[in-house]
1. Of everything in region 1-18 that's more than 22 Å from L111 (Cα to Cα) and outside any helix (DSSP H, G or I), which residue is least open to solvent (accessible area, probe 1.4 Å)?
2. What's the number of the only condition in (1) without any contact (Cβ under 8 Å) to a residue 24 or more places away in the chain; (2) over 25 Å from L90 (Cβ atoms) that T178 fails to meet?
3. Could you grab the pairs with beta carbons closer than 7 Å, sequence gap of 6+ or different chains, first residue in region 53-70 and within 23 Å of V242 (Cβ to Cβ), second one surrounded by fewer than 14 Cβ atoms within 10 Å (Cβ to Cβ) and among the hydrophobic types (A, V, I, L, M, F, W, C)?
4. For region 130-176, name all the residues that are farther than 26 Å from Y51 by Cβ, open to solvent by 40 Å² or more (accessible area, probe 1.4 Å) and among the hydrophobic types (A, V, I, L, M, F, W, C).
5. Please go through region 39-59 and pick out each residue that is part of a loop (DSSP other than H, G, I, E, B) and out of contact with any strand residue (DSSP E or B) (no Cβ under 8 Å at 6 or more places or on another chain).
6. Sort through T250, T227 and tell me the only one that's out of contact with any Ser or Thr (no Cβ under 8 Å at 6 or more places or on another chain) and part of a strand (DSSP E or B).
7. List the number of the failed condition for P127; all other conditions in (1) part of a strand (DSSP E or B); (2) surrounded by fewer than 19 Cβ atoms within 10 Å (Cβ to Cβ) hold.
8. So R94 clears everything in (1) touching a residue at least 24 places away in the same chain (Cβ under 8 Å); (2) more than 30 Å from H207 (Cβ to Cβ); (3) open to solvent by 20 Å² or more (accessible area, probe 1.4 Å); (4) not in a loop (DSSP other than H, G, I, E, B) except one condition, right? Which one?
Amino acid sequence: MSIMATPSEMMTIAAARLLTDEDVCFVGIGAPSAACNLARLTHAPKITLIYESGTLSTRPSVLPLSIGDGELCDTALTTVSVPEMFRYWLQGGRITIGFLGGAQIDRFANLNTTVVGPYDAPKVRLPGGGGAPEIAIHCREIFITMAMGSRAFVETLPFITSFGHGTGKGDRAALGLTSRGPTKVITDLCVLEPDPETAELTVVSLHPGVTRDQVQAGCGWRLRFATELAETPAATATELSVLRDLHLRTRQAHGVAA
């Protein structure tokens, strides 16, 4: 097995490394789910994973197809109602990390999962927010995982579904929000963080072999790079083996050829 990670694998691994045993994570389907379960299967076995359907401390052996996947309920410590999930767990401030993705993101980490183009006559009608708008404001902090591309990282969003940092530093506080909002955006090329003074996303780490020009080419606005730009540590053999085994089990469980 090669120890060279693909860009998608590097995104998942970089996101997983941010999690600890003490975290209580509200997990989204897709890349967030892969990252959270990779952390659980490697360095953070005591992490608590919560999915929107009400499954608490779930430990799936394969990645779920949706929040309603029976694998989540079967492997959960318990399952509560959706109103309890949102009112007690989420709005009660008990979730340390919310993992989100989106169709589009802007320089202040606002997310769009509603429409591409004008709302009344969109080019594309997207799935909508689901619980993401509430997750974005009530979790103590938010990690966002998205592959970079100029159609996803855009200068101006046609619609803000999930609030990030608005138009800059102070906008969350002005709305009475006490949570930190997005603190990391993990992509297949780099990691970004909001600037402490402006809240504008700034590249703080490049994944191995990635250049500044590659990152800029995948973004619809002029990016800022940290003065001390780091390189993301390369994926280890263990991280890759566990992640690839997880994806293989998932494909087999869902009837997809390996």
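1. Only one residue fits best here, namely A5.
2. (2)
3. S57/L77
4. Those that are farther than 26 Å from Y51 by Cβ, open to solvent by 40 Å² or more (accessible area, probe 1.4 Å) and among the hydrophobic types (A, V, I, L, M, F, W, C): A173, A174, L175.
5. Of region 39-59, the ones part of a loop (DSSP other than H, G, I, E, B) are 42-47, 52-54, 57-59.
Matches in region 39-59: T42, H43, A44, P45, K46.
6. Unique residue meeting the criteria: T227.
7. That leaves (1) as the condition not met.
8. For R94, the exception is condition (4).
The values are calculated or read from the model by the stated rules, or taken from the named source; none is laboratory data. Model, not experiment: these values are computed from the prediction. A quick note on method: Cβ atoms are made from the backbone with ideal geometry, for glycine too, and the neighbour counts reach across all protein chains shown. Accessible surface areas use protein heavy atoms only, side chains included; no ligands, DNA or RNA. Shrake-Rupley method; radii C 1.70, N 1.55, O 1.52, S 1.80 Å.
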